[in-house]
Amino acid sequence: RQRQMCIRDRNMDEFEIAPSNTNYIYALINSNIYKSSNAGSTWSSITPSGSLSPGNNITGVAIDADDEDHIVISISGFTGTKKAMESFNAGVTWSNISSGLPNVPATAVIFEGGSSDGIYVGTDIGVYYKSSVYPNWVSFNENLPNVIISDFELYEGALLRIGTYGRGVWQSPLMSGLSAVPEADFTADPTSTC
């Protein structure tokens, strides 16, 4: 049973609002994730039970643009089997999708969107990608420095932009627009003011 709570007086690390249903909000606080399905009036903890080792935190949450119940989280730390988890029912149950990711902290996550079911996970050593076409995680790091990924943004539905720790903003065409195994072709973003 999910416990309802007030998160008004807590420091949020991140929150996301579902594009398909703005009543759904997901918030990260330290090593926990909370969900509201009524625009923030009440909250329930949906942290995967037994999924986090001491010292590991949930570092990112992504919401499928077409389905507010479909979410993915990234997880920090050096537990090799705890990097990313996916839920198709708003956190009631979770599947571990970490197999194939390197044993470094996962720092960010984003859905590719559009007609793609692709997922990007940022780590301390770059970007990884999976989808129904690429069911195993593949490196998405061509021309990208070996760098910590801090954040993802989709730009005009055609570019993946990433914020890095100490190396600025980079961008690449989305994997779904590429015709072969990942050739990310990251370039520095000339419009960045960093």
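The values are calculated or read from the model by the stated rules, or taken from the named source; none is laboratory data. Note that the coordinates shown come from a computational prediction; the quantities given were computed from them, not determined experimentally. Ligands, DNA and RNA are stripped out before the accessible areas are found, and what is left, the full protein with its side chains, is counted by its heavy atoms. Shrake-Rupley method; radii C 1.70, N 1.55, O 1.52, S 1.80 Å.
Things to note:
- Fraction of accessible area attributable to carbon and sulfur, the chain (%, probe 1.4 Å): 47
- Annotation: extensible slack from Thr187 through Ser41 equals 48.3 nm (criterion: 0.36 nm per residue apart, minus Cα-Cα distance).
- Multiplying the residue separation of Asn11 and Val138 by 0.36 nm and removing their Cα-Cα distance gives an extension gain of 42.3 nm.
- Once all protein chains are placed together, Ser49 keeps about 110 Å² accessible to a 1.4 angstrom probe.
- Residue of Pro145, Pro105, Pro54 that the Gaussian network model of the chain assigns the largest fluctuation, springs spanning Cα pairs under 10 Å: Pro54
- Computed lengthening from Ser99 to Leu159, 0.36 nm per intervening residue step minus Cα-Cα distance: 19.0 nm
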